[in-house]
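Everything below concerns the one structure shown next.
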Amino acid sequence: MSSRQPPGVLLDIGFVAIALADGWAHVGVEDQPQAYCALLGAVALLLRHRLPLTTFVLTLPTALVTDAVVAPMAALYTLSSLNRHRSLLGGCALAYAIIDFLPWPWSSLDATELSQTNNLFHLSYTLATAAAPVFLGQLVQARRELSLRLADISEAREQERLLTAQSVLAKERAQLAREMHDVVSHQVSLIAVQAGALQVSGRDAETRQAAATIRRLSVQTLEELRHMVGVLRASGSRPTELTPQPSLADLDHLVEASGIEAKLETDLPEELPPTVQRAVYRTVQEALTNVRKHAPGAAATVRVRHRDGILCATVANTAPTRPAVALPSAQNGLVGLAQRAELLGGTVTSGPTAQGGYELRLELPVERNR
């Protein structure tokens, strides 16, 4: 309902006031029976929404003994706007027309007057007056039903649009899963095989250790790829949890397996929200990956602290000792970390240090994410 429309109670009171004014204009104070009928018809309008037929019947005495028309016509309009039985509406309109046409008292009716031209015009006018609120009420009812029907159609179209979008998304997910399985997984498997061969045939310990690290990371990447392929192939048919999700308990293994010289310093409470733990883990993971890619030979320090409800994680590395090898990068890692932190109400800042290294800093409010 529009906010510009008056509330139903105020509208009913307005109709009652207009009906009282109409009765006051057509009934003298000394005519008590007519005044009571007019008052009854006006007050009965308060029941027009809950008991429309009863309200119309209570307004008929007003039309019979007075010339007031507001109460019976308002009651007839309300009955028509809420009722579908056209025979009932036609009968009520005819009853109102006849009662309004006949004089009161009925004993004063002269049968010869019905044949007079003026009375025929009067009867036609009365029938038209009775039919008008019925037609108007039916029109309002049809408009209301049409509005509801249009709302249902809009909802159905929106649902159809969502289903279509989900179908398109499912196809894209399935295609992406095939590409990951057929191309990416195959190439990572080849990397793992070649690294394994190098680990066996390497002539020095440093080469074999590097090959072992490459093979371990390749195997771990394959496992994650297989899990992601399974998630994508689910295609939204059922909720799929990306398990297992990392936590702060996995930081030690992450730092040890990073392939660089790194140390971990933590001072954390025992219980932290899972979302905060995952954010810290992914931030440290991305930072260590960047150190390995862009700062060869650098050492890194990972510090995770909790002070005054704020969890702070920093990853700082020293200056590189060797030139970095150009590797493909979409430059989306830091952007993704910043977006993840923003969703949790935190911030991510990064930049070079005075010693020639680089530092990434994550701050997250803990209590907000519980």
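Could you check, for segment 157-164, whether at least one of its residues is part of a helix (DSSP H, G or I) and touching a Ser or Thr at 6+ places or on another chain (Cβ under 9 Å)?
no
Restricting to segment 355-370, name every residue that is of a type outside the set (S, T, N, Q) and assigned to a loop (DSSP other than H, G, I, E, B).
G356, G357, V366, R370
I'd like to verify a number: residues in segment 48-72 that are within 20 Å of Q141 (Cα to Cα) and either out of contact with any Asp or Glu (no Cβ under 9 Å at 6 or more places or on another chain) or among the basic types (K, R) (or both), how many?
Looking only at that region, the number is 8.
I want to confirm something. Restricting to segment 230-250 and keeping residues that are in a helix (DSSP H, G or I) and out of contact with any Ser or Thr (no Cβ under 7 Å at 6 or more places or on another chain), which single residue is modelled with the lowest pLDDT?
R233
Does A354 meet the test of being of a type in the set (G, A, S), modelled with pLDDT of 85 or more and closer than 21 Å to T266 by Cα?
So A354 fails the test.
Here is a list of conditions, (1) at pLDDT 80 or above; (2) assigned by TED's automatic domain parsing to the domain that holds I214; (3) surrounded by fewer than 14 Cβ atoms within 10 Å (Cβ to Cβ); (4) not aromatic (F, W, Y), and V183 meets all of them except one; can you say which number that is?
(1)
The values are calculated or read from the model by the stated rules, or taken from the named source; none is laboratory data. In this text, all values refer to a predicted model and were calculated from it rather than measured experimentally. A quick note on method: Cβ atoms are made from the backbone with ideal geometry, for glycine too, and the neighbour counts reach across all protein chains shown.
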